[in-house]
1. Report ³J(HN,Hα) in whole Hz for each residue of the range 48-62, in order, from the Karplus equation J = 6.51 cos²θ - 1.76 cosθ + 1.60 where θ = phi - 60°; Gly and Pro get x.
2. Which loop chymotrypsin sites (Phe, Trp or Tyr not before Pro) in the range 50-85, with loop taken from DSSP, have no more than 15 other Cβ atoms within 10 angstrom of their Cβ?
3. Can you give the calculated 222 nm mean residue ellipticity of the chain, where each DSSP H run of n ≥ 4 adds -39,500 (n - 2.57) and the sum is split over every residue, rounded to the nearest 500 deg cm²/dmol?
4. About the Cα centre, and with charges only on the beta carbon of Lys, Arg (+1) and Asp, Glu (-1), how big is the dipole of the chain? Nearest 20 debye, please.
5. I'd like the carbon and sulfur percentage of the solvent accessible area for the chain, probe radius 1.4 Å, heavy atoms only, ligands and nucleic acids excluded.
6. For the range 39-144, run through the trypsin sites (Lys or Arg not before Pro) and keep only the ones in DSSP coil with at most 12 other Cβ atoms within 10 Å of their Cβ.
7. Do you know the relative contact order of the range 49-141, to the nearest whole percent, from alpha carbon pairs under 8 angstrom that are 6+ apart?
8. So, for the range 1-120, what is the accessible surface per residue at a probe of 1.4 Å, expressed in square angstrom?
Amino acid sequence: MNQLPPGIPEDVLAWMREQVRERGPVPMADQIFRHGREYHECALRCLELREGQTFLFQPSLVPLAFVVEIYLKGLLVAEGKAVRGHDHAQLFKQLDSAAQEKIAMRYAERHQGQKLADDLPAFSKLFVDVRYSYELKGEHAHDI
C-alpha cells in the first residue's frame, strides 16, 4: 500500500490495511481467473445488441480466444503446473485427465455433441487469424 494516491482519509486507509491483512495475498490461479473474467466480460460487451447498431462479432472473437488461453492456464496453475505457450490444444493436453474429461463433456453438452478436441486447434489459430483477417485469402468463417 505504499503507492496510494495522496488525500485518502486515515480511516479509509486503516480499513484497507485491515482488508489486506484478513485476506492475505491472492493466489496466482485466482489472479489468472480474475484476469480472464475481465476479458470475457469485454468480449460479451462486444456481442451486446445496441440500438441502431450491430454487435461486434468479429472483434469479440479475439478476446474470446484469449480468454480460452487464460482459463486453461488458470486451470494448469491450479493443478500446480508450469504454464508456457499459447496453443489451446497443447495447454488442454497438459491438464489432468479428469479435468480434460469434465471440460470435454461440458463442451459437448453446450455445443450439440461437438468434440472439443476437434475444435481446439482452430480456436488456437483464431486469436491470430481474426486480428489479421484482412490478410487471409478465401472464405474464413468462425463460430464462437
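1. 5, 7, 10, 4, x, 10, 9, 6, 9, 4, 4, x, 5, 5, 5
2. Passing sites in the range 50-85 are Phe55.
3. -21000 deg cm²/dmol
4. Values: 18 positive and 21 negative charges, 56 e Å.
Its charge dipole is roughly 280 debye.
5. 56
6. In loop regions of the range 39-144 (DSSP not H, G, I, E or B), the sparsely surrounded trypsin sites (Lys or Arg not before Pro) are Arg50, Arg84, Lys115, Lys137.
7. Worked out over the range 49-141, it gives 33 percent.
8. Result: 72 Å² per residue.
The values are calculated or read from the model by the stated rules, or taken from the named source; none is laboratory data. Please read all numbers here as calculations on a predicted model, not as lab measurements. Don't worry about glycine lacking a Cβ; one is built from the backbone with ideal geometry, like all the others, and counts go over all protein chains shown. These accessible areas exclude ligands, DNA and RNA; they are computed on the full protein's heavy atoms, side chains included. Shrake-Rupley method; radii C 1.70, N 1.55, O 1.52, S 1.80 Å.
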